[in-house]
Each structure stands twice: as structure tokens, then as C-alpha cells.
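> Before I ask anything, here is the structure I am working with.
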Amino acid sequence: AGIEIQSMALLVGDANYFPATGLASAAFMLVNTSVTEDALTSDPNMCHPTSAFVVGSSEVYSPSGAWKHIQVVPPYGAKTELDQAHLSGLGYYRMQLQPSEVPLEFRMGGEYKLCYSQDARFGEAIGSDVLLQTMVVWGVYDKRQECKTDDTCMRTKKHRCYVLREAYNNINNTYAAGSSCIVDYTYAGAGFEGSAEADFPKASWSREYEANYNSTGHQIGATRAFKCGQEPPANFLCHSTTSASCTPGDYFQPEFVGSNGIRFNLPPAIDWLGNDTVPRFEPRTIALCYCAYDLCVADEEYKQQVGILLYYATKVCYNSFQGEIDCRDDFTGAAPQHRFSLRVLCPPDGCVGNTENRVKIVPQDYDNDQPSWATSSASS
């Protein structure tokens, strides 16, 4: 998942399956594996664009949404020879399939099928056929019905985390303790397709998103996001929690739960973030990226985006007007009998500019240092 597909090809053993002419209106539709020959006989509209069995835009994507119709393009029946090592030189006919607007991108892992319609109407007149072959796409998925066209179920779902000044972002302040920044796909309808070997798949993250802010810290304009695998990952997280010590990293190993559940336990942030350090103590937004196969060496191999990570930062400031405005001098804590102000630094797209935002002060406790989605979390 996450790889851009420019075209696909169908290889058939007999040219009579697809005539060499008259295919200007022919098209293919991606559907789920519930569509079979028998089921299509009972319900000829299973492949129709309005059918619940057709994959949604959050599962497969192309820029205009026209990925549903994969047009047939020449050469229609150019006979050639197969690779001798595969099918002993038997002849085949190649039908090139090209999305009506490229590229086509599977945004979720899973199993898919192709429906064929000679007139691109998929059941309204002539009817449809479903190919017997199943396309298996390795990657993470959330196949709940409400997520078919909702990117916020997985790909752009926001997960709220935090960084600390000059400390690991966990209650123990230790590298080995990991962090409470955890992304979970172990619930009903979610999981992963592919292998779960000891050393792969792996996960990584994107370059930091960029945004402009005014003098009072409010975001101005839209956020500039960076795709997974486009550039080297941000350098404020540790490599993983399996090495001897924390070094700025680029990938980590996800946790596999049961037969197809997957959980991403993000490594801790480095413990030297400060006001005058590189990288600095500041909020950040990054994409969570996944590599489903066994290479996962180069940054560009982490193609599938499986969430957005929002890292907030909080500063303790003087209890004064100036402290509340810019928190020029900040501290890691406060002493009894001293008034102080808190300044929450929002990552790109992390806060809404209204008067409904709130801060809750809670005891420092293991039950409170949980993922934001956990029922025991202080934010729940």
C-alpha cells in the first residue's frame, strides 16, 4: 500500500476473451472479495459505482476520484511470448489497464477484485463480470463500513502525543520506557495484510510538517504536509528502544497482536530538546509511515501513511503578562507558593482557534501517562 501504480495488465490465454476492437467504453471497477460469480449472478449491480461492494476513496485513490474506472487502452490483443522461466513459453494476450487519471494508489492493505464492464455501466444494461483472481495488497487497513470514504479513520487520523524539555517523554524519564504515543489497529475491522516476520515489516515517520505563526503563536494559513517516503524522517525521535542508547532515528518495529492486529509503539523523543538545542524543544506534526515488505532500508520504502502524530509541548512561565504572551523565560516545573503560567505550544493543525480549549492539571501517575485514546488517559 502507498505505492503509486501507473498501469496494470491482464494476461489471458485466448484473444476471444477480449475482442481486439470495440473496447473504447470498456472499464474495470475495484471491488471487495464479497463479489463472486455466483453473487454477481444473484445481484448484477454488485459492481455498480453506487454499490457497497465497490472500494471507497479512502481505500484506493487517484487525484480526481476517477480511480473506479480503469480504462482499457491499446494494444488490445498483441500476442507475445511469456517468460520461459514462468509459463514455458505459452502464448498470451496482454490487455493494458490504465487509470483514467494516474497515479492509482492503494491506501489500505487488503484483498481486492476487478469487475469488468464492456460499456462501463456495470450492470445497468449489458452487465458485469468479475475476475476470478484476487489482488492481495500488503499494508495496514481499517475496513469498517464508515471508513470507506473517510480518511480520518486511518490515513489522516490525528493521534495526540507530547514532548518534554530535556527529558524523555515518559513518566520514568528513561529511554527503555518508550512513550505513550501509541497508534492501535487491533480493533474489529482493522489490522494488516502481509507478513509479520521478526525483522519486518517496519514503521517510520515523515519530515516535520511546516506552518507559519503570528507573534502570539496562532497558526496562519494552511499546513504544509510531507508525504511518507518523500524525504528523510524528522530527527527528534529515538531510533527505537532496542539499541543500547537513544540516537536520533528513522524507523522502529511495530507490535503484532493476534492473527492480524498491529500496534505502533512510537519510540521516545530524544532527551536533550531545549530552547537552544538542535533540534529545539517545540511542537511538531509528522505522518506515521509503514513499510510492509522485507527490505525497508531506504526512506522512500516507507510509503503507506497510517496516521498523523501531533506532538504538543508545554512550558511553565512567569505569572505575568509577558510570560503569558511569549513565555520568553520558561522552566521545567514550579515551586510551591509561586504563581506561574502555562503555555501550550500547538503543533501544525493541532489546535482550533477558539475559546473552547482547556488545560487539565492531573497527578503524575502511570494511569495518566497513557495514549490519548485509552479510557484510563487523563485526557479521556
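> Just checking, does region 259-268 include any residue being in a strand (DSSP E or B), open to solvent by 30 Å² or more (accessible area, probe 1.4 Å) and β-branched (Val, Ile, Thr)?
Within region 259-268, none of the residues are in a strand (DSSP E or B), open to solvent by 30 Å² or more (accessible area, probe 1.4 Å) and β-branched (Val, Ile, Thr).
> If Gly350 satisfies all but one of (1) closer than 30 Å to Arg224 by Cα; (2) of a type outside the set (D, E, K, R); (3) open to solvent by 50 Å² or more (accessible area, probe 1.4 Å); (4) in contact (Cβ under 8 Å) with a residue 12 or more places away in the chain, what's the number of the condition it fails?
Every condition holds for Gly350 apart from (3).
> Tell me which residues, restricted to region 173-197, are part of a loop (DSSP other than H, G, I, E, B) and either in contact with a strand residue (DSSP E or B) (Cβ under 9 Å, 6 or more places away or on another chain) or closer than 16 Å to Asn265 by Cα (or both).
Across region 173-197, the qualifying residues are Asn173, Thr174, Gly178, Ser179, Ser180, Cys181, Thr186, Tyr187, Gly189, Gly194, Ala196.
> Of all residues in region 230-247 being open to solvent by 60 Å² or more (accessible area, probe 1.4 Å) and free of Cβ contacts under 8 Å to residues at least 24 places away in the same chain, which is nearest to Met154 (Cα to Cα)?
Restricting to residues being open to solvent by 60 Å² or more (accessible area, probe 1.4 Å) and free of Cβ contacts under 8 Å to residues at least 24 places away in the same chain, the top hit is Thr242.
> Only residues that are open to solvent by less than 20 Å² (accessible area, probe 1.4 Å) and in contact with a helix residue (DSSP H, G or I) (Cβ under 8 Å, 6 or more places away or on another chain): list them for region 129-159, please.
Val130, Asp142, Cys147, Cys153, Met154
> Same structure, new question: Can you tell me which condition Thr50 does not meet? The list is (1) open to solvent by 50 Å² or more (accessible area, probe 1.4 Å); (2) of a type in the set (Val, Ile, Thr); (3) modelled with pLDDT of 85 or more; (4) under 26 Å from Val137 (Cα atoms), and all the others hold.
Failed condition: (3).
> Sort out which residues of region 303-316 are within 19 Å of the chain's Cα centre (by Cα) and open to solvent by less than 10 Å² (accessible area, probe 1.4 Å), and write them in order of number.
Gln304, Val306, Gly307, Leu309, Leu310, Tyr311
> Look through region 1-43, keep the residues that are touching an Asp or Glu at 6+ places or on another chain (Cβ under 9 Å), modelled with pLDDT of 75 or more and of a type outside the set (Val, Ile, Thr), and return whichever of them is surrounded by the fewest Cβ atoms within 10 Å (Cβ to Cβ).
If we take residues in region 1-43 being touching an Asp or Glu at 6+ places or on another chain (Cβ under 9 Å), modelled with pLDDT of 75 or more and of a type outside the set (Val, Ile, Thr), then Glu37 is surrounded by the fewest Cβ atoms within 10 Å (Cβ to Cβ).
> Follow-up question, since we're still on this one. What residue, among those in region 317-340 that are in contact with a helix residue (DSSP H, G or I) (Cβ under 9 Å, 6 or more places away or on another chain) and open to solvent by 20 Å² or more (accessible area, probe 1.4 Å), is modelled with the lowest pLDDT?
Of everything passing the filter in region 317-340, Arg328 is modelled with the lowest pLDDT.
> Give me the residue from region 269-293 that is among the charged types (D, E, K, R) and in a strand (DSSP E or B) and, out of that set, most open to solvent (accessible area, probe 1.4 Å).
Among them, the one singled out is Arg280.
The values are calculated or read from the model by the stated rules, or taken from the named source; none is laboratory data. Everything quoted here is computed from the prediction, not taken from an experiment. Here the Cβ is made from the backbone with ideal geometry for all residues, glycine too, and neighbour counts use every protein chain on show. To get the accessible areas, we keep the full protein, side chains included, count just its heavy atoms, and leave off ligands, DNA and RNA. Shrake-Rupley method; radii C 1.70, N 1.55, O 1.52, S 1.80 Å.
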